[in-house]
Amino acid sequence: MKSSLLQRLADDTPDNPDAEWELKSGWIFDELRMLFDSRPRIPGLETNNNVNYTVINYGLEEGFYQQDPLISRAEIMRERITNLLQRFEPRLTDVSVNLYQPNLPRVEFVIQAQWNTQSLSYKLIWDDAMSTFYLNEQV
């Protein structure tokens, strides 16, 4: 079973990879919320292959330093969310991140994925004006 970065950092029993606390579904939501609430330590490390999978780059980059005017901020953020989940949440499979409401300043994304045998669906709301993310479970 794959584990997230937070699980590896907090694992007091690395010899027992199937510890009960690792299998509880509530943990996945809490860890995703932590991931989206965190920011990389140093901005602009997205393309540095030496550190982009490390704790230095843990979290969602929200700055737009060199933006291509042909690509919307919402689409750039969608790509960042997809990359973030690939890097730091390997327990999720068949991940899709779709723009649900792409108009600034409030952009909504729908994240769908498989975890163990469960289908997960979350709505991530990005408030560009406040630089804030809200993660909600969808029914």
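Laboratory data are not the source of any read-out in this text; all were calculated from the coordinates shown. Because the structure is predicted, anything quoted here is derived from the model rather than measured. Every residue, glycine as well, gets a Cβ built from its backbone with ideal geometry; the counts of neighbours run over all protein chains shown.
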How big is the gap, in Å, between the Cα center of region 59-92 and the Cα center of region 109-139? 14 Å
Sorted from largest down, give the three principal axis spans of the alpha carbons of region 21-130, whole angstrom values. 42, 34, 24
Obtain the nm distance between the two label points defined at residue 46 and residue 76 by a simple spin-label model: each point lies 7 Å from its Cα along the Cα-to-C-beta direction. 0.6 nm
